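Please treat every number below as a calculation from the coordinates, not as lab data. Everything quoted here is computed from the prediction, not taken from an experiment. Reconstructed Cβ throughout: ideal geometry from the backbone, glycine too, with neighbour counts over all protein chains shown.
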Amino acid sequence: MTESNGRELCKSIAQYLGDRWMTWVDQPLGSVWRSCPRADVLAITKSYSPVVIRVYEVKISRGDFQRDVFGGKYKSYLPFCNYLIFATPAGLIKKDEVPEGCGLISHGEKGWRTVKSPNKRDIVISQDFMLCLLMKGYQDNFARYRDLENKRLVKNWEYGGLADAAREFGIKLSYDIVHSEEYLERAVKLKEQIESLAGQKFQDISSAFSWLNREVSNLLGKHKYGGEAAEVLEVALDLYDGRNWNITHKLREIAERLESKTG
């Protein structure tokens, strides 16, 4: 297999994890100012608590896998993830060849399959590591935004009139109209669940979410770095969703507060 096959497997893992995970491809671990290991794919749950980090190490040949395992390279990833998982084409590696505590997934005709589940490890997320994730995420997001903007400009030059616009947006509009009742029912159920959790009634779904957000913030505030960790994840989610304004200012504020606490 070639290097391009490895890149394709990395992209495939990110797609396989779906919307439940934030993913970084070819992600540096540790400080960006000194040499550090790089994860082929790093994934973080979209959750304030508990935060779970996975590192996927892609191997496209037995020789590559054996050099990593026998040379102990894989151990350099362990301080940065709760789970370390090898990802290979189907049949390349047997599960009893995988180092203790690590997992294995394989890619075949039907997609990704778990061959061996990894054991969870407790880790401490450092300030350098969080900043690394944000910087790489920002760079990747900016590159995607630039590509999309270029495509949008080209598309505008190729605009075919109101008929094309009606076909493009009419389908989505009709779908939303047809499913509007379903959306409302979901919103009502979600509001009822939050009310049950809170033991009180809310005027609307927005008020219910505001209460939930305050409770989560209060819980995180009881931990020394909880508030900063929550803000970092919030910024990461903004980047993932394409909201990249004022990011530099936010990161600077978070970094200054972390430095004052670590003293």
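Miscellaneous remarks
- Rg [Å, one decimal], Dmax [Å, integer] - the stretch 3-116, C-alpha atoms: 13.6, 41
- Label sites at Glu234 and Ala198, each approximated as a point 7 angstrom past Cα along Cα to Cβ, lie 1.8 nm apart.
- Simple label model, 7 Å out from Cα along Cβ direction - Cys36 to Glu181, nm: 5.3 nm
- Förster-model FRET efficiency, 41 Å R0, Glu109 and Val52, C-beta, rounded to 0.05: 0.90
- Check: the stretch 3-116 dipole with +1 on Lys, Arg Cβ and -1 on Asp, Glu Cβ, in debye: 140 debye
- Ordering 70-82, 193-205 by mean Cβ neighbour count within 10 Å, with the highest value first, yields 70-82, 193-205.
- Rough spin-label spacing in nm, given labels placed 7 Å along Cα→Cβ, for Lys261 and Ser12: 4.0 nm
- Neighbourhood net charge (12 Å Cβ-Cβ; Lys/Arg +1, Asp/Glu -1) for Lys75: -1
- Distance violations [Cα-Cα > 19 Å] among Lys95/Lys120; Lys11/Lys59; Lys11/Lys120; Lys11/Lys95; Lys46/Lys73: Lys11/Lys120; Lys11/Lys95; Lys46/Lys73
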